[in-house]
Amino acid sequence: MGTEEVRKLFEARLKGGIPDPPGEFHPSDLERVREERYIKRALIHQENDPKMAADMLWDICIWRKTVGANEINETNVNLDYIKEGGFFPHGRDVDGSLLLVFKSKTHVKGQKDMEELKRCIIYWFDRVERQEDSKPITLFFDMEGCGLSNMDMEFIKYLITLMKLYYPNFLHYIVIYQMPWVLSAAFKVVKSLLPAKAVSKMKFLNKDTLKEIVSPEQALVCWGGKDDYVFEFIPENKTEHVNTPKKVTFAEQNDNQHSLGEFLRLNPNDTIIFKTENDEVSASFTITNMDEGPISFKIRTTSPEKFRVRPSSGILGPGTSQTVNLLVNAGLHVRTMTKDRFLVVAVQVPSTNITPQELAELWQKSSGSKVDEYRLKCHFPEKDFARNGNVHEAEMEKSTPMSKTLNNLQRSYDNLNRQVAMLKYYQFLTLFFALLAVVLGYLIYMEDRAGPFHRFPYPEYPNLDRFNLWKAVLAPAVQDKGDLYIYNNVRFCDSHFEERYRLPSKRLTRTGIPTLNIPSTSQNIFPVMEYQAPNTVEFTFTQPQHTEDNASKCSGKLKS
């Protein structure tokens, strides 16, 4: 009973007339909104409220006609965005719902054309809806490695709008995987935009908890799963083709050229150039009837709230022309209009004197090959972006609380990054100096353990006698190398000098000579430490060598 009531409410509204723009609904959309299953989806989405469900179906038809959803396919969508794998369907959750994966790190705010991104999203939503036979899907946001620069609120709000208004009962779960803590505040804003029912479907998961929603067999390897799938775009294989109204383009024509079979000639025929006059941004184009009979035309736009169109419709006799004036409404940001489009549709009429009621009926019955369509792009010169009473981009962002919040978050995130980098630098320095202190402490300890090393007196008067006494205890092989060599390269450790020769500063008195730990059986018999080259030490012994007791007392270490 509920679906029948929804159907009656929709049909009653349809009989009351369709607003223009956007004009007649697409036949595929009309067929779909009359299906029992689709009506049930709308009823479930609107919690079994027939009136709200009928209104939703109506809004869906208007929106799809306005954005040209049925005409979006591989030939006119931005395939570069599609093929880079920023979002793609693959895998299923534990309930069998298809995952539409969003690789959030690949999306950086402001680097892609938002209108093209929206068309890509519509392409995937429609394709998945056909593929899954309208079953709900799970949106899987892979947030690993993301920062605030990857958080695009306009893009997220658009996804929410699609699921909330134009794709009834199409959402199973929203999975947020590996969300960085720095985005916690931003997601609080996102939650505030979602209805309570959608918030309950949000699942914040990490590698340990992912198996609660996606089994390891369905999870990608980068999520810790077993699926080694790598995205590669494969065009949709449609077995059925929907008849669409004839589209005429002028990409390779001059402004004054006209193709046979077309009702109208437009000048310009491809791009409308807007300009600034008296602080108003405006443009115009001319429509000429090239048919042998009268023609009725209507002008539609993707954003009717942004433009004033005069006239928006009319009837042209054979060979007559009409100038159409376009004016951008004040207070809008012109930069956001660069992707807006205009559509001129034309249909043959029996007479220029046809009544408005007869004309409305004729338009309602016209479809397919009876309607001629002409599409026009918009171009705004760079110098006009801040005119027409429009708000500058920076000012507009400041006036938006959400933008201001995100800007503050971005600044805080940047400051935090700098502080973390500085902290790592200081940690490295601290570790370096700690290791240096350990090394120096060890060297000092070893030096204190062995005692200081003492250099020979200089081999000249008045130290020559003492030098010879020191030299006398060296091995002959060392003595033969000469006095200067011995002075520069040989040292005695502290263990060879009596206490009476040692000063509190660990230096020797002027009379100090090596007398300890020297075997009494022979002169020149204890080891000395000899510098052969930088960082190289040679131990030279006379015969006999140290006794075990004496050797244990002589450290034999190099003092650098």
Given the conditions (1) assigned to a helix (DSSP H, G or I); (2) open to solvent by less than 40 Å² (accessible area, probe 1.4 Å), which single one is not true for Gly23?
-> (1)
Looking only at region 431-446, decide whether some residue is at pLDDT below 90 and among the hydroxyl-bearing types (Ser, Thr, Tyr).
-> yes
Kindly provide the set of residues from region 149-174 that are over 15 Å from the mean Cα position of the chain (by Cα), open to solvent by less than 20 Å² (accessible area, probe 1.4 Å) and in contact (Cβ under 8 Å) with a residue 40 or more places away in the chain, ordered by number.
-> Leu162, Tyr167, Pro168, Phe170
Of the residues in region 93-112, those that are open to solvent by 50 Å² or more (accessible area, probe 1.4 Å) and of a type in the set (Gly, Ala, Ser) number 1
Right, Glu5: open to solvent by 40 Å² or more (accessible area, probe 1.4 Å) and either touching a Leu at 6+ places or on another chain (Cβ under 6 Å) or not in a helix (DSSP H, G or I) (or both) or not?
-> no
How many residues does region 339-367 contain that are surrounded by fewer than 14 Cβ atoms within 10 Å (Cβ to Cβ) and either over 50 Å from the mean Cα position of the chain (by Cα) or under 24 Å from Ala283 (Cα atoms) (or both)?
-> 8
Just one of the numbered conditions (1) under 25 Å from Glu262 (Cβ atoms); (2) crowded, with 17+ Cβ neighbours inside 10 Å is not true of Leu332; which one?
-> (1)
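The values are calculated or read from the model by the stated rules, or taken from the named source; none is laboratory data. Since we're looking at a predicted model, the values are computed, not measured. Here the Cβ is made from the backbone with ideal geometry for all residues, glycine too, and neighbour counts use every protein chain on show. The accessibility values were calculated without ligands, DNA or RNA, using every heavy atom of the protein model including side chains. Shrake-Rupley method; radii C 1.70, N 1.55, O 1.52, S 1.80 Å.
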